[in-house]
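What follows draws every value from the coordinates through simple rules; no lab data is involved. Every value quoted in this text rests on a predicted model; they were computed, and no experiment measured them. Positions of Cβ are backbone-derived with ideal geometry, glycine not excepted, and every protein chain shown enters the neighbour counts.
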Amino acid sequence: MRAKEVHDMTNDELTAKLSTLKSELFYLRFNHAVGQLGNGNQLTAVKRDIARVKTVLKEREIKGISGPVSAPAKKKA
């Protein structure tokens, strides 16, 4: 998941995505413990996605924003 995709989501979508990512991380850790995880990089990718989502949610909480921030329109000189 790219940072741009995360920034374009609403807070409700981010909360739902965070829940999904946490459950995915649980299953990946379980498979890793059992020895059935083929690609260990999946753990790292999911952890980073969780961090991205949490970062955007915290930024919005601090700024008091409830949805995606649109870029200001550029003025022609």
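For the chain, find the longest principal axis of its Cα atoms and tell me its angle to the long axis of helix 41-63, 0 to 90°, nearest 10.
30
Could you work out the mean projected area of the convex hull around the alpha carbons of the stretch 3-60, in square nanometres to one decimal? Kindly include the intermediate steps, with their values, before the conclusion.
Working: hull surface 15.4 nm².
For the stretch 3-60, the mean projected area of the Cα convex hull comes to 3.9 nm².
With an 8 Å cut-off on Cα pairs and a minimum separation of 6 or more residues, tell me the relative contact order of the chain in percent.
47
Nothing charged except the Cβ atoms of Lys and Arg (+1) and of Asp and Glu (-1): what's the magnitude of the dipole of the chain about its Cα centre? Round to the nearest 20 debye. Can you show the working numbers first?
Values: 15 positive and 8 negative charges, 91 e Å.
The calculated dipole for the chain is roughly 440 debye.
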